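Participant: I'd like to ask some things about the structure below.
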Amino acid sequence: MSKVRHRAAADSRITETGSTEAPAYKPADDLNGIGGWLILPAIGLVISPFMSLHGIITDTLLLTSSVYPSLSANHPSITGLLIFEVLINAAFLAAVICLNFLFYTKKRILPNCMIALYAAQCVLMLADHLATTAVFPSADLSSSIIAVIRSLIVAVVWIPYFLNSRRVEATFVN
């Protein structure tokens, strides 16, 4: 029975298009909207404000904790480093909130803003890692190195996607 259905479907394709071959690409209508690989940046944008907020809270708690005076006595530059991290996390929090608005309202400017975010993350993660290394030269900074590498991988994957994707071009049109 299923062979009959498949044959009937194939016959109707031949009648409609004159060919049994599938189209080489999807029409732009199928690419409009948040779908395909674009779901992954959407998830990242939803999670990112919470991650930035977590960074702000963690650094602020350290600045106000009872161990801070002894920590700053041994490492006087830690105050500047923590304030730098709080300010950067606050800037990223504001940026990703704005990007969420641009993303879900499908604004045309979003791809360029996402590219700027990914590039800024790479630069600032590297700057933070170098500053942390300067403040704590003998500390185990493997998690900091992993964060830098992760931001580089994210940039290498998503910057070209936002530059070249037909889905991105078809979705962000407002």
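Participant: Give the number of residues within region 102-115 that are at pLDDT 95 or above, open to solvent by 60 Å² or more (accessible area, probe 1.4 Å) and not in a loop (DSSP other than H, G, I, E, B).
Facilitator: The number of residues fulfilling the criteria is 1.
Participant: Another question, if that's okay. I'm trying to understand the selection: among the residues of region 137-173, which are of a type in the set (Phe, Trp, Tyr) and over 14 Å from the mean Cα position of the chain (by Cα)?
Facilitator: Listed by number, the list holds a single entry, PHE172.
Participant: Given the criterion open to solvent by less than 40 Å² (accessible area, probe 1.4 Å) and without any contact (Cβ under 8 Å) to a residue 40 or more places away in the chain, identify the matching residue among ALA155, ALA131, ALA139, ALA170.
Facilitator: Result: ALA155 is the single residue among ALA155, ALA131, ALA139, ALA170 that is open to solvent by less than 40 Å² (accessible area, probe 1.4 Å) and without any contact (Cβ under 8 Å) to a residue 40 or more places away in the chain.
Participant: Right, another one. I need the full set of residues from region 136-174 which are modelled with pLDDT of 90 or more and β-branched (Val, Ile, Thr), in order please.
Facilitator: Once the filter is applied, which keeps residues that are modelled with pLDDT of 90 or more and β-branched (Val, Ile, Thr), region 136-174 yields ILE145, ILE146, VAL148, ILE149, ILE153, VAL154, VAL156, VAL157, ILE159, VAL168, THR171.
Participant: On to the next question. Listed residues ILE97, ILE83, ILE57; which is in a helix (DSSP H, G or I), over 27 Å from ALA134 (Cβ atoms), open to solvent by 30 Å² or more (accessible area, probe 1.4 Å) and not acidic (Asp, Glu)?
Facilitator: Answer to the check: ILE97.
The values are calculated or read from the model by the stated rules, or taken from the named source; none is laboratory data. Only a predicted model underlies this, so the values are computations on that prediction, with no experimental measurement involved. Here Cβ is always computed from backbone atoms with ideal geometry, including for glycine, and neighbour counts include all displayed protein chains. What goes into the accessible areas is simple: the full protein's heavy atoms, side chains included, and nothing from ligands, DNA or RNA. Shrake-Rupley method; radii C 1.70, N 1.55, O 1.52, S 1.80 Å.
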